[in-house]
Amino acid sequence: MNHFFVTVGLIVHYVAYNGTCLAAIIIGINEDGSVDLALFTSMKNVNGDKNFGMQFHQNIAYDEEKKPGTFHNINICAESWE
Ligand SMILES: [Zn+2]
């Protein structure tokens, strides 16, 4: 794992059930190294209109393999625009 500082308020990616990265903010850090997240969905990433908006997820593990239900550093996914 690359060295990665986490703190409350940091923006990270949460991986949705379909593998899509969603914007999330760390709102808590747990003793086991997992985090609690407030995350934001867009219409194309959810099943139906009712899930659109903000969600809260607890005890989310870090995973650079981007398995659904985990979080990672957004720099892994950042693209260079020219
Ligand atoms: Zn990502």
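Every read-out reported here was derived from the displayed coordinates using simple, explicitly stated rules and does not represent laboratory data. No experiment lies behind these values; they were computed from the predicted model shown. Using ideal geometry, Cβ is built from the backbone for each residue, glycine included, and neighbour counts are taken over all protein chains shown.
Computed values, structure above
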{"quantity": "For Glu82, Glu31, order by how many other beta-carbon atoms lie within 10 Å, fewest first", "calculated": "Glu82, Glu31"}
{"quantity": "The stretch 11-76 shape via C-alpha gyration tensor axes, a/c threshold 1.5", "calculated": "prolate"}
{"quantity": "Stretchable slack from Ile74 to Lys44, in nm (0.36 nm times residue separation minus alpha-carbon distance)", "calculated": "8.9 nm"}
{"quantity": "Phi-based couplings in Hz for the stretch 10-25 (Karplus 6.51, -1.76, 1.60; Gly and Pro marked x)", "calculated": "6, 8, 9, 9, 9, 8, 6, 4, 9, x, 6, 7, 10, 6, 9, 10"}
